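The values are calculated or read from the model by the stated rules, or taken from the named source; none is laboratory data. Source: prediction; values computed, not measured. So basically every Cβ, Gly included, is an ideal-geometry build from the backbone, and we count neighbours across all protein chains shown.
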Amino acid sequence: MKTNLKIRVQALGDPTRMAILERLRRGPLAVGEIARGLPVTRSAVSQHLKVLKDVGLVRRERAANRSLYRLDAEGIAGLRDYFERFWQESLQAFKQTAERSRKEQSR
């Protein structure tokens with residue numbers, strides 16, 4: 001696994017960061033909107049957003065007098081590609097094991 005991909009996956013190990021990504025799926029939000037309903041302070045949400053931004057999973061953009069955060073399509077695509085490859089390799093290994101088992105049982 002590439003280093004930056006590994007760091008992205010590790011960043012998602014925190015439940016608050018996962019909750020933040022879930023909220024951003026629907027579109028850009030300000031920190032206050034992201035923090036609403038989370039069991040952490042706005043300051044903590046800002047720190048989590050910084051981590052997500054640093055690993056390339058979210059982007060910050062200015063809108064008038066506030067910052068909006070959105071998912072970083074490139075960073076998310078990298079994660080998706082990794083998990084799709086992981087899933088395909090897992091399915092292929094399962095298929096090979098099942099076929100070997102079937103051959104051994106038919107002997």
Q) Restricting attention to the range 61-77, which residues are of a type in the set (A, V, I, L, M) and not in a loop (DSSP other than H, G, I, E, B)? A) A63, L68, L71, A73, I76, A77
(Q) Filter the range 1-21 down to the residues that are part of a helix (DSSP H, G or I), surrounded by 10 or more Cβ atoms within 10 Å (Cβ to Cβ) and at pLDDT below 95 and list them by number. (A) N4, L5, K6, I7, R8, V9, Q10, A11
Q: Would you check which residues across the range 22-35 are of a type outside the set (V, I, T) and surrounded by 12 or more Cβ atoms within 10 Å (Cβ to Cβ) and list them?
A: R23, L24, P28, L29, A30, E33, A35
Q) Based on what the data block shows, is A63 farther than 17 Å from L5 by Cα and modelled with pLDDT under 95? A) yes
Q: Scan the range 77-107 for residues that are modelled with pLDDT under 85, more than 30 Å from L57 (Cα to Cα), surrounded by 10 or more Cβ atoms within 10 Å (Cβ to Cβ) and hydroxyl-bearing (S, T, Y) and report the count.
A: 1
Q) Any chance the range 50-60 includes a residue that's at negative phi, touching a Ser or Thr at 6+ places or on another chain (Cβ under 7 Å), in a strand (DSSP E or B) and of a type outside the set (V, I, T)? A) yes
